[in-house]
Amino acid sequence: MKAVQVTGYGDVNKLEVVEIDIPEPGENEVLVQVKACGINNTEIWMREGAYGKDSKSGWRPEGVRFPRIPGSDITGTVVKTGKQVATSMIGKDVVLFPFTSSGEDGFEHISDDMSFIGSEYDGGYAEYVVWPAELCFDMPLQSFTESAVFSVSGLTAWHMVEQIQIQPNETILVTGANGGVGSLNVQIAAKVFGAKVIAVVGDLTLEGKLKELGATHVLSYKSSDLANEIQQLNGGPIDSVLDVVGDALFSISLQALKNGGKFCISGSAGGQKTELDFRTLYLKHITLYGSVLGTRTEFVRMLQAISQGKIVPVIDRTFPLQEAREAQTYFKKTGKLGKIVLIP
């Protein structure tokens, strides 16, 4: 089969198109013919060594073993089953839950043995992938490409929203609102939980599209007085922040939050380190949440919301599998709206 492997830490020249054997499913696994695979920051950061270098990179202490096939937002058709899996699964169109874990229900994402497809396991930058049968769910939409944009970004966004316990009519600030997670944060907060959303982006030409996704207001992070603009639009401080940017908007977010406000972060594209005056936290009674991925139960709730049309796929562009280098390069450009998807 054709696959794209990461051969080590570095830039996109570490992505190599190769021909390798089709993998065999284990006893409790299925073989999935990949139809689409969305791109995430996670596989780019893994390649670049953002999670650490050598034995320290990856989601597990032992790190990534190269070569590795990246890709975690995967849809496809089951074409073969392991010995302990019912053959009735053959022919099913599925979306893959993106990690394994021995954690109890509700705590899978924080288990020490959480292992990610595309990092600890070979992933979806390939024509075929093997995965545990119990982690393969029915596609929420008929389109493979459209169903492939939710797994990691959608689960991350859904978990962020559930963590801060959004209530109807609260005002939520969403940073990086044009990205894969951000555009879903907008939709989930507004259309599923009934919040008023202030979306922050760099390119205000995206305003109309973000309002279609559920944003009430759209602002540019390039504003010289963003914190005040946020409060003026809202008629006062906001309730919560869903952030994927990190340092670049951290101080502004805290300024805009009300006393007792909540700040949830699940990304640091705008800087991985920041300065924090602890007095801001305790004098305003702000609660901080770190967030990544989510639980299987949340995944099911998300898939239901998608199938009901409450959350819609947002796709910027697709690339053929063999153009993975070009796709990851394009992924890092600014001004996009939504996901980039590879098609084997």
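The values are calculated or read from the model by the stated rules, or taken from the named source; none is laboratory data. For clarity, every value in this text was computed on a predicted model and none was experimentally measured. Note that we place each Cβ from the backbone using ideal geometry, even for glycine, and neighbour counts take in every protein chain shown. Please note that ligands, DNA and RNA were not included when accessible areas were found on the heavy atoms of the full protein model with its side chains. Shrake-Rupley method; radii C 1.70, N 1.55, O 1.52, S 1.80 Å.
Annotations for the structure displayed:
- Listed values for region 92-105 are Karplus-derived 3J(HN,Hα) couplings in whole Hz (6.51 cos²θ - 1.76 cosθ + 1.60, θ = phi - 60°), namely 6, 8, 10, 10, 9, 5, x, 8, 9, 6, 9, x, 5, 3, and x replaces Gly and Pro.
- Put simply, the amide H of Thr171, placed in the peptide plane, has neighbours under 5 Å in Lys196, Asp239, Ser240, leaving out anything fewer than 5 places away on its chain.
- Set of aspartates and glutamates with alpha-carbon distance to Lys92 below 12 Å, sequence-local pairs under 8 removed: Asp138
- For the chain, Kirkwood radius (reciprocal of mean inverse C-alpha pair distance, Å): 20.4
- Across region 233-274, C-alpha contacts under 8 Å between residues 6 or more apart give a mean separation that, scaled by the residue count, equals a relative contact order of 52 percent.
- Surrounding net charge for Gly179, when Lys and Arg each add one and Asp and Glu each subtract one, Cβ distance under 9 Å: +2
- Taking every DSSP bridge with both residues inside region 4-147, close to 95 percent are antiparallel.
- Relative contact order of the chain, defined on C-alpha pairs under 8 angstrom at six or more residues apart (%): 18
- For Gly124, the amide hydrogen comes within under 5 Å of the amide hydrogens of Gly71, Ser72, counting only partners 5 or more places away or on other chains and with H modelled in the peptide plane.
- Within the listed set Leu233, Leu213, Leu283, the residue fluctuating most in the Gaussian network model of the chain (springs between alpha-carbon atoms under 10 angstrom) is Leu283.
- When the charge dipole of region 1-152 is built from unit charges on Cβ atoms (+1 for Lys and Arg, -1 for Asp and Glu) and taken about the Cα centre, the candidate among Gly10, Gly123, Ile69 whose Cα reaches farthest toward its positive end is Gly10.
- Accessible surface of Asp11, taken over heavy atoms with a 1.4 Å probe and every protein chain present, rounds to 90 Å².
- Cα-centred dipole magnitude for the chain, charges only on beta-carbon of K, R (+1) and D, E (-1), debye, nearest 20: 720
- Counting only protein chain heavy atoms and rolling a 1.4 Å probe, the accessible areas of Arg325, Arg296, Arg279 rank, largest first, as Arg279, Arg325, Arg296.
- Placing unit charges on the Cβ atoms of the charged side chains and taking the dipole of region 150-254 about its Cα centre, the candidate lying farthest along the positive direction among Ser151, Ile172, Ala227 is Ser151.
- Cα gyration tensor category, rounded, prolate or oblate, for region 43-182 with a/c compared to 1.5: oblate
- Distance from the alpha carbon centroid of region 270-291 to that of region 13-53 works out to 34 angstrom.
- Euclidean distance of C-alpha centroids, region 210-226 and region 82-126, integer Å: 36
- Of all DSSP bridge pairs formed entirely within the chain, close to 55 percent run antiparallel.
- Relative contact order [Cα under 8 Å, 6+ residues apart], region 194-323, whole percent: 16
- For the residues Phe116, Phe250, Phe66, a GNM of the chain with alpha-carbon springs under 10 Å puts the largest fluctuation on Phe66.
- Taking all protein chains together and a 1.4 Å probe, the residues His109, His285 rank His285, His109 from largest to smallest accessible area.
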